[in-house]
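Quick note: the coordinates plus some simple rules give every number you see, no bench work behind them. Please read all numbers here as calculations on a predicted model, not as lab measurements. We place every Cβ from the backbone using ideal geometry, glycine too, and count neighbours over all the protein chains shown.
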Amino acid sequence: MSRPFVAYYRVSTDKQERSGLGLEAQQAAVAAYLDKHPDDVLIEEFTETESGANDERPILEEAIDTAKKRKAEIIVAKLDRLSRDVGFIANLQKRDVKFLACDYPDQDGLVVQLVSVVHGWEREQIGERTAAALKAAKARGTKLGTHNPKIALAASHGRLKSELVRVKKADLFAQQMHPFIVGLKAGGITTLAGIADALNERGVKPRRGRKFYAMTIANILKRSEAS
């Protein structure tokens, strides 16, 4: 039986998107899967430039919308192209989004969630090791910078500062949006998708992307409640 797919590719930087670094490998993995399943068909492709740590993915939302409208599944080259965060994966599954990861093509939802737990742990370990390496290098008097090949992959102070600014802006936007969402709920609109539609109809613009989605509202609520 033929299965229609919508491909979602994610690269972490604009430079990677321009150079094809990582993107070509993802496209090749999806193509290899489809070659082994000739009855399946790829109907559309979406590419997003975004860090895996950021749950706000407007292009992913467009891919999901397309998949639902065309009764297709999302296909990714690797599970971590969706996310390494188990909560993010679980939210996708709760939204009844079917997806297939080429590195775990035959696994059910529970196994996929367990894999994402491991990926999340690995990300934390990498972060801790990077921080420790930077601290040790600084203690030795090593001049930090991308010209040093030993630490070229480590996060620089500038990148860290930029990330902190991004998080602060996202938190502020969530706090500003919270009263509007509460008002919509009080008016009888209780679902995330319903709230997103109501904001879009009123011409309210999200901080990033062209319109609100259910996942955008979920992220806003999560941020506003945590702050």
Exercise. Between Glu44 and Glu73, what is the spin-label point distance in nm, taking each point 7 Å from the Cα along the Cα→C-beta axis?
Worked result: 1.9 nm
Seminar exercise, completed: Here FRET efficiency (C-beta to C-beta, Gln176 to Arg95, R₀ 25 Å, nearest 0.05) is 0.50
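If I take R0 = 25 Å and measure r between the Cβ atoms of Ala193 and Thr66 in this structure, what FRET efficiency does the formula 1/(1 + (r/R0)^6) give, to the nearest 0.05? Please list the in-between numbers first.
Values: r = 16 Å, r/R0 = 0.63.
Efficiency at R0 = 25 Å is approximately 0.95.
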